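Enquirer: First, the structure itself, so that you have it in front of you.
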Amino acid sequence: MVSDATPRRRALIVEDEMLVSMLLEDLLAELAFEPVGPFARLDEALAAARERDFEFAVLDVNLNGKETYSVADILIERGIPFVFATGYGKSGLPPRYRQCNVLSKPFRRDDLARIVAETGKA
Amino acid sequence: MGTPGIPATGGLAVAGGFVNVTATNRLSPCRAGMDARLSTAEATSDGTGDTGLIGGGAVGGRLRALDWAASPLGPPGGWPTALHTVCNLLLASPFPLLLWWGERFAVIHNNDWATLAGEPPTGALAQPAETHWPELWASLGPRLRQVMADGATVESDRLTGSFANIACSHIPILNAPGVVGGVLSAVRETVARESLRRERELLQSIIDTIPVMITLYEPGQKVLRVNREFERVLGWTAGELSRVSLMDEVYPDPAYRARVRDFMESFLPEWMDIGMRTRSGKSIEASWFNIKISDHTQVGIGIDITDRKHAEQQRTLLINELNDRVKNTLATVQSLAAQSLRGRGGVDARQRFEARLSALALAHDLLTVEGWRGAALGDVVERAVSPFRAGDDRIEIRGAAVRLSPKQALAISMALHELGTNALKYGALSNRDGRVRIGWQATNPASNALIELVWDESGGPPVAPPARKGFGSRLLERNLARELGGPTTIEYRPVGLICRISCRLRDNG
C-alpha cells in the first residue's frame, strides 16, 4: 500500500441512514476517496474525528436527533475540511457554522465535486 | 357611666338618632385635644373677633362681620355651647352642611354647600329660612319641624327643583339633655355621585377582568398604575410600583430597554412584540400598543403571547424536522436508484434522475420556507432555472407578482427543469450565444384568473421536432394541463423552441 503510486485520500462519513451513507461512499469513491466509517453514532463519530486520519469529511447534521456540531468543532480544530449534509440548507445551521460548506439532500454530484475541489485548494 | 335614659353604645353617645354633642364636654381628654386645635387655628386665622367663629372661608368671614343684633340668634358671645360647637364644626367641614337653630330656624350654611348647591339669597345668612330662603324652606321645612318635634334623624332624599341633585340627613342637635336646639343637615350629591359611582365601577371591572395588560404611565415611563392582568402575567403588583423601577426590572438589558422606551414614546399606531422578564425571572413575550391620552397620561395595552410564540416555534421546528426527513427520504431514493442503475451503463439515466430529484427538492425547499401556503411565481422560476445559470445573464426572467398554489409551484418547477435540461442539451443553452426569455402575463388584462408563461429560446442551434416524445414533453403537454388548469403547447421553431404554459389562478391566497 505504501508503495502505491497515487496518494490515497480518505473521507470520514458521519451519517445514520444506511442507504444514504452507501450513496455517500459511492459519490466519494468517484472523487477518489476511501471511506472512513460510516459512523451512525455520535460517540463513534467523535472518537473517529479525534483519532483517525482523513483529509475530508461529510457530516450529517442530525444523527438520530443528536446534532453533530461537536464533531465539526474537532475538525475545525484539526484543520480538516468538511461539509455538512442536511435537508435544512444553510439557514438551518446555527450562526457559528453559517460559513461552513453545506451539501443539501438529495445530493448533487457537481456540488460535492466543487466543494472538494475548493477545499483542496484552500 | 352613661346618661340616664340614654344607653351608652361604645365611646359615642348615640340614642334614637340623637347625637349628643354636649356629651363631648364630659370626655375631658377629647376636650383637651379640641382646645389645643382651636388655639392653633386661632393663631393662624384672621382672628375671630369676639364671635369665637373659626375659619370657614368666605362664609366664615361673612359670619364674623355680621350684624348679629338683626339675627334671631343674637351675638355669638351669648350662644349656647352646642350652637357654638356645631357652627365651628360646620365651618371647618369639607362637606356641605346646613345648620338650623331655634324655633324660627335661622340658617347657617358653609362654603361647601355654596359650591354644591349655589349661594343662598342675599341676606339669608343667620336669618329665618321661611322668610329669607323660601325655596329651600319649601323643600325642607316640614322635615325640619318634624326633627325639632321628635328629636330623631330624618332623611330628605327626594328633593325637587333646584335641589333635585341633593339629599340630606337632618340630625337633631341637643341644646340640653332631652331638648332639641336645632338641626344639622348633612348634604350629599345624589344623581351625579350615583352615576359617577356606577361608571367608575363599570370601568374598574372592565380594567380588572379583561385578559389584557393595562399600564398607565407618565412621560419618562414612570408607571403609575397597572391592572390585575399585568399583576398576573408579570408578578409585580400595583402596590410595588412606588418602590421599584418597573422599566429596569422588566427590561434588564439597557440596550433593549432603550428600544422599548423609544417605542413607548413614539405612539406609532402599531403593535410591537416585546420580550419581558417577570418578577420570578421568567422570560415572556407580549405584544404592546401605546396610546397618548394627554401630555401627562399615556396608556399601554399588552397581550401575553408567550404561548402563541412557543406554538409558532414548535410549528417551525416541526416543519423543519419534517423537511429534513423528506430530504433524507429523497436521498434514500437517490441511493436506491444509484444502486439499481449501477453497472448498467446508466450514467446518463442516473444523472437525469438525480437532476429531476434535485429539481423536486428545490421546489420543496421554497414551499417549506413559506409553510406550504404557496409561492411567488418569480421565486419558483428563479429557483428552477438556477442550476442552468452559469454565472451569466443568458436566462432573462420578467413578470408581475403572481401567487401559485403548492401544487402549481411544483408542476411549474418540474416543467422548467425539463425545459432547462432540454435547452442545455440541444437548445439555446447548448452553445455560447443562445438565450432564454421567460415571461408571464395575464391572458385577459381585466382579470388575473389566467396567466400565460412563455419559455422562449433563441440563438441556439437550428431546432427540429424530436422523433420520439420523452418524459419531458409528456410531462409538459399532459401533466401540466391537468395540474395548472390550462393548456400547454410546445412549438419547435427552427430559431428556437417556444413553450406556452397556461395557468389558472384561483384561491391561491
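The values are calculated or read from the model by the stated rules, or taken from the named source; none is laboratory data. Fair warning: this is a prediction, and the values are worked out from it, not measured in the lab. Here the Cβ is made from the backbone with ideal geometry for all residues, glycine too, and neighbour counts use every protein chain on show.
Enquirer: Would you confirm, using the coordinates I've provided, whether B:P72 is touching a Gly at 6+ places or on another chain (Cβ under 7 Å) and modelled with pLDDT of 90 or more?
Expert: Yes, satisfied.
Enquirer: Test A:E77 against the criterion of being within 14 Å of chain B (Cβ to nearest Cβ) and without any contact (Cβ under 8 Å) to a residue 12 or more places away in the chain, and give yes or no.
Expert: Here the answer is no, as A:E77 does not meet what is asked.
Enquirer: Taking the conditions exactly as written (among the aromatic types (F, W, Y) and more than 18 Å from B:F230 (Cβ to Cβ)), does B:Y251 satisfy them or not?
Expert: On the way: among the aromatic types (F, W, Y): yes; more than 18 Å from B:F230 (Cβ to Cβ): no.
So B:Y251 fails the test.
Enquirer: Report, by residue number, each residue of segment B:206-223 that is modelled with pLDDT under 90 and exposed (fewer than 15 other Cβ atoms within 10 Å of the Cβ).
Expert: B:D208, B:E218, B:P219, B:G220, B:K222
Enquirer: Which one is modelled with the lowest pLDDT, of the residues in segment B:115-154 that are in contact with a strand residue (DSSP E or B) (Cβ under 8 Å, 6 or more places away or on another chain) and of a type in the set (S, T, Y)?
Expert: My answer is B:S139.
Enquirer: Ok, one more. What's the number of the only condition in (1) under 24 Å from A:P106 (Cβ atoms); (2) in contact (Cβ under 8 Å) with a residue 60 or more places away in the chain; (3) of a type outside the set (K, R) that B:G427 fails to meet?
Expert: It fails just one condition, (1).
Enquirer: Sticking with this one: With the structure loaded, tell me whether A:A85 is within 14 Å of chain B (Cβ to nearest Cβ), under 21 Å from A:R8 (Cα atoms) and touching a residue at least 60 places away in the same chain (Cβ under 8 Å) or whether it fails that test.
Expert: In short, no.
Enquirer: Sticking with this structure for a sec: With within 14 Å of another protein chain (Cβ to nearest Cβ), free of Cβ contacts under 8 Å to residues at least 24 places away in the same chain, surrounded by 13 or more Cβ atoms within 10 Å (Cβ to Cβ) and of a type in the set (A, V, I, L, M, F, W, C) as the only criterion, which of A:V102, A:V58 stands out?
Expert: None of the others qualify; the one that does is A:V102.
Enquirer: Let me ask something else about it. Say we look at segment B:331-373 and pick out the residues that are facing chain A (nearest Cβ under 10 Å) and more than 18 Å from A:R109 (Cβ to Cβ); which of these is modelled with the lowest pLDDT?
Expert: Filtering first and then ranking leaves B:V369.
Enquirer: Looking at segment B:321-360 only, could you name the residues that are without any contact (Cβ under 8 Å) to a residue 12 or more places away in the chain and surrounded by 18 or more Cβ atoms within 10 Å (Cβ to Cβ)?
Expert: Of everything in segment B:321-360, those that are without any contact (Cβ under 8 Å) to a residue 12 or more places away in the chain and surrounded by 18 or more Cβ atoms within 10 Å (Cβ to Cβ) turn out to be B:D324, B:N328, B:A331, B:T332, B:S335.
Enquirer: Can you tell me which of B:V244, B:V250, B:V260 is within 20 Å of B:E218 (Cβ to Cβ), surrounded by fewer than 17 Cβ atoms within 10 Å (Cβ to Cβ), among the hydrophobic types (A, V, I, L, M, F, W, C) and in contact with a Phe, Trp or Tyr (Cβ under 8 Å, 6 or more places away or on another chain)?
Expert: Within the list B:V244, B:V250, B:V260, the selection yields B:V244.
Enquirer: Tell me which residues, restricted to segment A:1-26, are aliphatic (A, V, I, L, M), surrounded by fewer than 22 Cβ atoms within 10 Å (Cβ to Cβ) and modelled with pLDDT of 75 or more.
Expert: Within segment A:1-26, A:M18, A:L19, A:M22 meet the criteria.
Enquirer: Out of B:Q339, B:Q351, B:Q334, I need the residue that is more than 21 Å from B:I412 (Cβ to Cβ), assigned by TED's automatic domain parsing to the domain that holds B:W455 and touching a helix residue (DSSP H, G or I) at 6+ places or on another chain (Cβ under 6 Å). Which one? Write out each step before concluding.
Expert: On the way: B:Q339 fails: touching a helix residue (DSSP H, G or I) at 6+ places or on another chain (Cβ under 6 Å); B:Q351 fails: touching a helix residue (DSSP H, G or I) at 6+ places or on another chain (Cβ under 6 Å).
From the options B:Q339, B:Q351, B:Q334, the qualifying one is B:Q334.
Enquirer: Being surrounded by fewer than 15 Cβ atoms within 10 Å (Cβ to Cβ), small (G, A, S) and within 53 Å of the chain's Cα centre (by Cα) is the filter; apply it to segment B:432-485 and report the residue that is nearest to B:S386 (Cα to Cα).
Expert: In this case the residue turns out to be B:A449.
Enquirer: Then there's this: Give me the residue from segment A:27-55 that is within 13 Å of chain B (Cβ to nearest Cβ) and exposed (fewer than 15 other Cβ atoms within 10 Å of the Cβ) and, out of that set, nearest to A:R109 (Cα to Cα).
Expert: Looking at residues that are within 13 Å of chain B (Cβ to nearest Cβ) and exposed (fewer than 15 other Cβ atoms within 10 Å of the Cβ), I get A:E30.
Enquirer: Against the definition (of a type in the set (V, I, T) and either surrounded by 15 or more Cβ atoms within 10 Å (Cβ to Cβ) or not assigned by TED's automatic domain parsing to the domain that holds B:G399 (or both)), how does B:T306 come out, yes or no?
Expert: yes
Enquirer: Mind checking whether some residue in segment B:303-324 is over 30 Å from B:A349 (Cα atoms), in a strand (DSSP E or B) and either modelled with pLDDT of 90 or more or within 14 Å of chain A (Cβ to nearest Cβ) (or both)?
Expert: yes
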